């Protein structure tokens, strides 16, 4: 197996490394100064063609040809230099790719540049009480205003990441109540800074509040902010979820997490326990399989080949491996996990620092599509297996 990137990629690596050596010198700066420096650095990196490569120049990107090998080289070199890449979150991972694929020219002009510059922060308005994994069951209503220029929205959304910081939301609303379950849903963009919208933080069992719930009481958004055709939002949402699952399913970081798990075994004096060592070896096998599968997908992308159903499995595999690590970490940490942190996000430096990861592993089986939903997608769309009879009757 040849894992080298080739001479062209290595020459490009030298160019990226030289750029970072010149441009990424954060030094000792105050918080406000550092924020301004990072913004300037990102603009400079975009001008040099190493950030926002998939975004056209007209919308603030660098408009580079698709090249998965160069993109990987950039990621590796930015990580090595500990330099910031694109503004992350829902905006770059979901909103921008969806607008580039499905949005109107007006929507691209309005939203993409301000999203990649960090001015617009996007929340996801999919899940509702009673309609989590089954997105087709959304009940939040959208009705046209009397003059036909606005959507009037009433309902509730829940489990919105970055909800307290979000300035805008992409959301699914039911606009055709008499249509079939998967039809009659419209994909809308909405400004969250308006009367009629209430947001409340949700305190999680980790003590943190990274999610919000939103209440809409005659909130408004222009009809021109509708993405795709009226009643076809379900199909637009699949574009968004495709990009979300790709980001969640990334193999980056899984190896580092496993290394920390091995270190936890040493810290707790269990690294010589044959049962623990056997468990670690089994998990490492999964981690390596996931890593080498990512190489396979990388190779297919570089060659322009369709990897088939394997690409659907990455997010599910990441979730399962993370849960296996959490179970072993829970056993190793033992009573240390009973310690109450001084405040959310402060877990000390002992075994209790694993508390967030252990609890978070449960949520990862839901984020980006519940694991059982992922299994259905892999079975039906990837392997061509028949749908469940109850699901067929429902449709």
Tally of residues being exposed (fewer than 15 other Cβ atoms within 10 Å of the Cβ) and within 22 Å of the chain's Cα centre (by Cα) across region 57-67: 1
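Conditions tested, residue by residue: (1) over 24 Å from residue 99 (Cα atoms); (2) surrounded by 13 or more Cβ atoms within 10 Å (Cβ to Cβ).
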{"position": "8", "(1), (2)": "yes, no"}
{"position": "11", "(1), (2)": "yes, no"}
{"position": "17", "(1), (2)": "yes, yes"}
{"position": "53", "(1), (2)": "no, yes"}
Options 161, 224: the member that is over 25 Å from the mean Cα position of the chain (by Cα) and either touching a residue at least 40 places away in the same chain (Cβ under 8 Å) or in the same structural domain as residue 354 (by TED's automatic domain parsing) (or both): 224
Residues that are touching a strand residue (DSSP E or B) at 6+ places or on another chain (Cβ under 9 Å) and farther than 15 Å from residue 124 by Cα, drawn from region 204-224: 204, 209, 217, 218, 219, 220, 221, 222, 223
Residue within region 191-200 that is in the same structural domain as residue 146 (by TED's automatic domain parsing), touching a helix residue (DSSP H, G or I) at 6+ places or on another chain (Cβ under 6 Å) and either part of a strand (DSSP E or B) or modelled with pLDDT under 95 (or both) present: no
Breaking point among (1) more than 19 Å from the chain's Cα centre (by Cα); (2) at positive phi, for residue 52: (1)
Filter result (touching a helix residue (DSSP H, G or I) at 6+ places or on another chain (Cβ under 6 Å) and surrounded by fewer than 12 Cβ atoms within 10 Å (Cβ to Cβ)) within region 22-43: none
Filter result (buried (at least 18 other Cβ atoms within 10 Å of the Cβ), under 23 Å from residue 95 (Cα atoms) and within 21 Å of the chain's Cα centre (by Cα)) within region 184-217: 187, 188, 189, 190, 192, 210, 211, 212, 213, 214
Positions within region 90-109 being more than 22 Å from residue 232 (Cα to Cα) and crowded, with 20+ Cβ neighbours inside 10 Å, in sequence order: 92
Filtered residue count, region 141-165, keeping only those that are assigned to a loop (DSSP other than H, G, I, E, B) and either modelled with pLDDT of 95 or more or out of contact with any strand residue (DSSP E or B) (no Cβ under 7 Å at 6 or more places or on another chain) (or both): 6
Counted residues, region 1-24 - those being in a loop (DSSP other than H, G, I, E, B) and at pLDDT 90 or above: 1
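Residues checked against (1) under 18 Å from the mean Cα position of the chain (by Cα); (2) part of a loop (DSSP other than H, G, I, E, B); (3) at pLDDT 70 or above; (4) within 21 Å of residue 312 (Cβ to Cβ):
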{"site": "362", "(1), (2), (3), (4)": "yes, no, yes, no"}
{"site": "373", "(1), (2), (3), (4)": "yes, no, yes, yes"}
{"site": "381", "(1), (2), (3), (4)": "no, no, yes, yes"}
{"site": "384", "(1), (2), (3), (4)": "no, yes, yes, yes"}
{"site": "387", "(1), (2), (3), (4)": "no, yes, yes, yes"}
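The values are calculated or read from the model by the stated rules, or taken from the named source; none is laboratory data. What you see is a predicted model, and the numbers here were worked out from it, not measured in a lab. Virtual Cβ from ideal backbone geometry, glycine too; neighbours counted across all protein chains shown.
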